[in-house]
Amino acid sequence: MASRITQIDAGSPAERAGLRVGETLLDIGGTPIRDVLDYKFYSYDAALTLRVLAADGQTIRDVSVQKREGEPLGLNFEHYLMDGMKRCSNSCVFCFIDQLPRGMRETLYVKDDDARMSFLMGNYISLTNLSEDDVDRILRMRISPVNISVQTTNPALRVEMLRNPRAGEALKIMERFAAGGITMNCQLVVCAGLNDGEELRRSLRDLRTLYPAVSSVSVVPFGQTRHREGLYPLRETTAESAGEVLDIVEPFAADCLREIGTRLVWCGDELYLKARRKLPDADYYEDFTQFENGIGMLPLFAEEFRLALPDYKGRSARPFTIATGTAAAPSLAKLLDEAAAACDNLRGNVCAIQNDFFGHSVSVAGLITGQDLIAQLKNRNDLGERVLISANMLRDGGDVFLDDLTPRQVSEAIGVPLVPVEIDGADLLEKIFQ
């Protein structure tokens, strides 16, 4: 059963109350528990009564639990969501998963579009597979924030881009969320010739009318791999088209700042890099609401690095190489020069890894594979004693690259250890001087 208890945290309220592994959670306070949202919402109070079914499937008992308000119960279930994940019903023209080569691990091809994952994990959803019951529950439970892949507020164009007849109609849900006090973070994946230009201006205007419910908007370029045979004929994001997007978004954001006190909309770092324009300073990004979406990631990284650098002044470090994507390499090289000027003996270099696996238009560090690292590093004699890589090249847990090679396999192939670095400038300095 989806609500069967598989583990109980040591010292948790559930353990103190005498709940047992193998029992099935039926309801809390008389409300049936269908999934993880019900579980988290109805287990918030300090005094609870849980009804559970024994492992033999015969005996039902009530268990009283006393805990602090908001304290987790400490129950773990076979599946995190406690039922099946909702899969994507769209066929977006820019879908990155459709551009993956065959033969990768099965989980990489999973397309989720689950509102629960949006609230719990920060995933972006399209709203196209929300039922009326789903919408009502989000409003009733005040599940917030919800992250939404909008792409365009033009209903007909959204149908074309998502290739789903419900795509235009789903935009109305945002108005209901706004009226119900639900906070929304929105994303526009810009595809040249489709939702840029005047369509982008329209989308920004429409989303602004939903402020403050729409609390942030990110504008990012679509990710294009070399595996697009038979897919929608999209145009590559060029320096010129990236610049045109910036020229629309930045004045709009400046008007928002002046009129409503926030820029509201920000462009992804990749657009600045593609347009060969200087990234804004870290304070431009206000609260970094969409940091995980690549918004202000490099400026904040640089600020963290520079703030931590005085702690290492005059120190020396063992020789090293930083291996990163072609997008971030120039910025990291500049930071390394600053560190070398402040330190007595800093011997390191930055190696920009071309993405042969997905194609050279993919320039971010997080999509570098183990085989590309091996191919471009194994014959170099200037790697030093270790190679520093971004931790987001690896699956959660740090055990494997996108192509299923492990850090150990890559280390053995290139002849030096790999050292994962968090997306934090201070952590880079710590790893350099370790």
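The values are calculated or read from the model by the stated rules, or taken from the named source; none is laboratory data. Quick caveat, the model's predicted, so the values are computed rather than measured. Methodologically, a virtual Cβ is constructed for each residue, glycine included, from the backbone with ideal geometry; neighbour enumeration extends over all protein chains shown. Only protein heavy atoms, including side chains, enter the accessible area calculation; ligands, DNA and RNA are left aside. Shrake-Rupley method; radii C 1.70, N 1.55, O 1.52, S 1.80 Å.
In table form, for the structure just shown:
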| quantity | calculated |
| --- | --- |
| Centre separation in Å (Cα based) which lies between the range 302-366 and the range 385-428 | 15 |
| Positive minus negative residues near Pro32 (Lys, Arg vs Asp, Glu; Cβ under 14 Å) | -2 |
| Heavy-atom accessible area per residue - the range 344-404, 1.4 Å, Å² | 44 |
| Flagged links, alpha-carbon separation over 31 Å, of Lys378/Lys431; Lys40/Lys431; Lys278/Lys378; Lys172/Lys278; Lys86/Lys274; Lys278/Lys313 | Lys40/Lys431; Lys278/Lys378; Lys172/Lys278; Lys86/Lys274 |
| Chain lengthening between Leu257 and Asn345 when straightened (0.36 nm per residue, less Cα-Cα) | 27.2 nm |
| Cysteines without a disulfide-compatible neighbour (Cβ-Cβ under 4.7 Å), the chain | Cys88, Cys186, Cys191, Cys256, Cys267, Cys343, Cys351 |
| Label-point gap, in nm, between Ala413 and Ala54 - each point 7 angstrom along Cα→Cβ | 5.5 |
| Nearest-ten-degree value, helix 132-141 long axis tilted from longest Cα axis of the chain | 90 |
| Carbon and sulfur %, accessible surface of the range 150-193 computed with the full protein complex present, 1.4 Å | 53 |
| Burial ranking of peptide ranges 388-397, 230-239 (average Cβ count within 10 Å, highest at the top) | 388-397, 230-239 |
| Mean Cβ neighbour count within 10 Å, used as a protection proxy, ranking 207-216, 7-16, 374-383 highest first | 207-216, 7-16, 374-383 |
| Of all accessible heavy-atom area on the range 338-434, the percent that carbon and sulfur account for (1.4 Å) | 45 |
| Whether the range 1-48 is rounded, prolate or oblate, judged on the alpha carbon gyration tensor where a/c under 1.5 counts as rounded | oblate |
| Quotient of C-alpha Rg and 2.2 N^0.38 Å, computed over the chain | 1.10 |
| Surrounding net charge for Phe401, when Lys and Arg each add one and Asp and Glu each subtract one, Cβ distance under 13 Å | -2 |
| Gained length - Glu338 relative to Glu422, 0.36 nm times residue gap less alpha-carbon distance | 28.3 nm |
| Calculated on alpha-carbon atoms, Rg and Dmax of the range 349-393 in Å | 10.5, 30 |
| With every protein chain in place, the range 1-147: carbon and sulfur % of accessible area (1.4 Å) | 50 |
| Cα gyration tensor category, rounded, prolate or oblate, for the range 105-215 with a/c compared to 1.5 | oblate |
| Å² per residue, accessible surface of the range 32-186 at 1.4 Å | 47 |
| Förster radius 22 Å - calculated FRET efficiency between Tyr44 and Arg16, Cβ distance, rounded to 0.05 | 0.80 |
| Cα shape, the range 1-83, gyration tensor, a/c 1.5 rule | rounded |
| Volume per residue that the Cα convex hull of the range 139-295 spans, once the total is divided by residue count, Å³ | 123 |
